[in-house]
Amino acid sequence: MAWQIIGDTARGITHIRADKPNQDAWGFVQTTACTCLAVADGHGADKHYRSDVGAQLAVTNALELLQLFAQQSFDTQHIKRSADYLAAKLVQLWRNAINEVDQEQTPTDKRYSVYGTTLLTVLLTEHYVLYLQIGDGDMLTLSATGEVHRPLGKNAQFVANETYSLGAEDAVCHIEQQVQFFKYHPAPALIFLATDGYANSFADEFGLCQAVQDFQTQIGLHGYRPIQMCLGEWLHETSELGSGDDITVAILVHCEM
Amino acid sequence: MTNTIKRPGGAMATRPLHFFWLADCSGSMAGEKIESLNYAIRNAIKPMQDVAAANPNAQVMVRAIRFSTGAEWHIAQATPVEQFVWDDLKACGVTDMGVALTMVAQQLEVAFMPDRCLPPVLVLVSDGQPSDDFNAALETLMRKPWARKSVRIGIGIGYDADMEVLQKFIGNSELKPLLAHNAEELVNYIRWASTVVLQAASAPASQVKHKQSQGVVPIPHFPSASIVIDDVW
């Protein structure tokens with residue numbers, strides 16, 4: 001099973017106006033055994049003043065963790081059991097990384113909050129897909145027949161820019177995840193991850209679902225490279241015409257070998 | 001070739017920001033107080049529009065409720081700030097503030113305000129004490145998720161204003177209600193709510209969700225007054 005990766009990030013137009021950095025991050029790893037993809041959105045509030053670093057470390061550490069996870073021998077029960085420990089391991093890894101970069105510059109009680117971020121990540125292997133998310137942002141899949149799904153559901157609790165955070169004390173409690181084994185669930189045709197600035201730029205949920213379907217269509221019509229080339233400019237325009245926020249989109253597309 | 005590829009997705013839109021004026025029109029407001037309030041709000045329209053123009057990713061929509069004996073919409077339709085005009089309020093009757101809060105609560109349903117909206121701003125202006133069940137109405141209001149995330153500002157007019165009630169409405173001990181002693185102060189406070197508060201709500205940053213949230217928009221404090229209190233209501 002082969003997967004093509006497309007992704008980019010754009011500094012939000014309100015961040016440009018306010019001279020703030022892009023606080024989103026994204027990354028991927030692709031080996032013979034697996035494909036991992038992650039996006040993160042550092043909280044913009046002043047008290048999270050190193051959230052751009054926190055987002056980058058969330059991506060790096062999630063990719064590292066998932067890559068290791070994929071190296072386990074495949075057995076559905078074993079994978080399920082191992083997945084139960086992922087959330088705690090991820091939080092610990094991220095905190096260790098924060099401690100390392102912070103060098104005790106911030107007081108211990110505020111340290112992780114200062115680097116606060118969301119995280120959405122996906123691991124794909126030959127046998128299964130694992131979805132993991134903390135905080136806002138959109139994780140959607142497109143089936144081979146063109147239906148859009150949310151593998152982790154939609155968190156209806158978030159209004160007004162509120163989100164759960166990897167930097168929170170109780171972060172482990174708010175990490176959602178799901179493993180789907182391909183012998184029970186067909187693999188999706190496309191997996192779409194985006195920070196909340198993207199969905200907030202559409203008039204409604206339909207506009208976002210339409211985007212996921214359009215990406216699939218455009219990739220089919222034009223190929224990966226032209227879409228990858230356009231993506232950065234599209235995200236910039238989207239921020240300008242929509243939410244004004246930083247926007248990151250990362251897509252995995254199932255392709256025939 | 002890349003220029004010919006259509007950007008994916010449906011219609012784009014900036015994020016709605018609903019701004020509500022809740023104005024006391026009870027009999028005690030008659031005369032200079034109501035005239036000053038009308039003047040202050042009208043005077044704040046242009047600065048408010050300027051702030052909105054400087055934050056083009058927020059679509060500011062204005063509504064207003066007047067309350068006296070009962071309450072009714074003064075501006076019923078959510079009106080883009082660019083088209084916002086102010087018709088004079090008239091004063092008579094009692095102070096049914098609770099009815100006004102209940103009316104706002106109905107508009108803060110998630111069904112009317114999807115999660116992509118920006119936190120709403122509620123500005124309550126009053127010179128007296130509620131004549132109805134304010135506490136029950138406030139409870140109804142605060143049951144709405146959008147109300148809990150809203151920016152709530154309380155402005156009292158004159159010494160008879162019930163500042164305790166306005167503080168309860170704000171619901172955040174760090175943010176105090178403002179007491180206008182004269183027309184000049186009222187103009188300043190209304191302008192502050194229409195500009196500084198609007199600016200803060202227009203571009204809020206992500207905040208971590210807490211069990212006991214006091215809102216999601218940090219509001220700058222009104223600058224310390226250097227006004228000489230002479231023209232006291």
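The values are calculated or read from the model by the stated rules, or taken from the named source; none is laboratory data. Keep in mind that what you see is a predicted model, and the values were worked out from it rather than measured. Every residue, glycine among them, receives a Cβ derived from its backbone with ideal geometry; neighbour counts consider all protein chains shown.
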crowded, with 18+ Cβ neighbours inside 10 Å, closer than 12 Å to B:Val125 by Cβ and of a type in the set (Val, Ile, Thr), is that true of B:Ile157? yes
Any residue in the range A:45-70 that's under 16 Å from A:Thr35 (Cβ atoms): show its pairings with residues that are basic (Lys, Arg) and modelled with pLDDT of 95 or more at Cβ separation under 8 Å, as long as the two are six or more apart or on different chains. A:Leu65/A:Lys89
Check A:Leu193, A:Leu208 and return the single one that is more than 8 Å from chain B (Cβ to nearest Cβ), under 30 Å from B:Pro56 (Cα atoms) and either touching a Gly at 6+ places or on another chain (Cβ under 9 Å) or touching a residue at least 24 places away in the same chain (Cβ under 8 Å) (or both). A:Leu193
Out of B:Pro16, B:Pro47, B:Pro8, report the one residue that is within 11 Å of chain A (Cβ to nearest Cβ) and either under 16 Å from the mean Cα position of the chain (by Cα) or part of a helix (DSSP H, G or I) (or both). B:Pro16
Can you name every one of the strands (runs of 3 or more DSSP E) wholly within the range A:138-257 that holds 3 or more residues which are out of contact with any Asp or Glu (no Cβ under 9 Å at 6 or more places or on another chain)? A:138-142, A:176-181, A:247-255
The listed residue being away from every other protein chain (no Cβ under 14 Å), in a helix (DSSP H, G or I), closer than 26 Å to B:Leu186 by Cβ and in contact (Cβ under 8 Å) with a residue 12 or more places away in the chain, out of B:Leu124, B:Leu138: B:Leu138
Of all residues in the range B:133-150, count the ones that are buried (at least 18 other Cβ atoms within 10 Å of the Cβ) and either among the aromatic types (Phe, Trp, Tyr) or within 8 Å of B:Gly98 (Cβ to Cβ) (or both). 4
Considering the range A:86-119, residues that are touching a Gly at 6+ places or on another chain (Cβ under 6 Å) and not in a helix (DSSP H, G or I), and then whichever is farthest from the other protein chains (Cβ to nearest Cβ), we arrive at A:Tyr115
The helices (runs of 4 or more DSSP H) lying entirely within the range A:8-85 that contain at least 1 residues which are touching a Cys at 6+ places or on another chain (Cβ under 6 Å) and within 23 Å of A:His127 (Cβ to Cβ) are A:51-69
Take the residues of the range A:211-221 that are in contact (Cβ under 8 Å) with a residue 24 or more places away in the chain and more than 7 Å from every other protein chain (Cβ to nearest Cβ): which is farthest from B:Arg15 (Cα to Cα)? A:Ile219
Just to verify a result, which residue in the range A:222-250, among those that are more than 8 Å from chain B (Cβ to nearest Cβ) and hydrophobic (A, V, I, L, M, F, W, C), is surrounded by the fewest Cβ atoms within 10 Å (Cβ to Cβ)? A:Leu231
A:His149 fails exactly one of (1) more than 9 Å from chain B (Cβ to nearest Cβ); (2) within 20 Å of A:Ile5 (Cα to Cα); (3) in contact with a Leu (Cβ under 9 Å, 6 or more places away or on another chain); (4) surrounded by 16 or more Cβ atoms within 10 Å (Cβ to Cβ), namely (4)
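Per-residue answers, yes or no, for (1) within 14 Å of another protein chain (Cβ to nearest Cβ); (2) surrounded by fewer than 21 Cβ atoms within 10 Å (Cβ to Cβ):
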position	(1), (2)
A:Ala2	no, yes
A:Thr14	yes, no
A:Lys20	yes, yes
A:Gly27	no, yes
A:Thr31	no, yes
A:Cys36	no, no
A:Gly54	yes, no
A:Leu63	no, yes
A:Thr76	no, yes
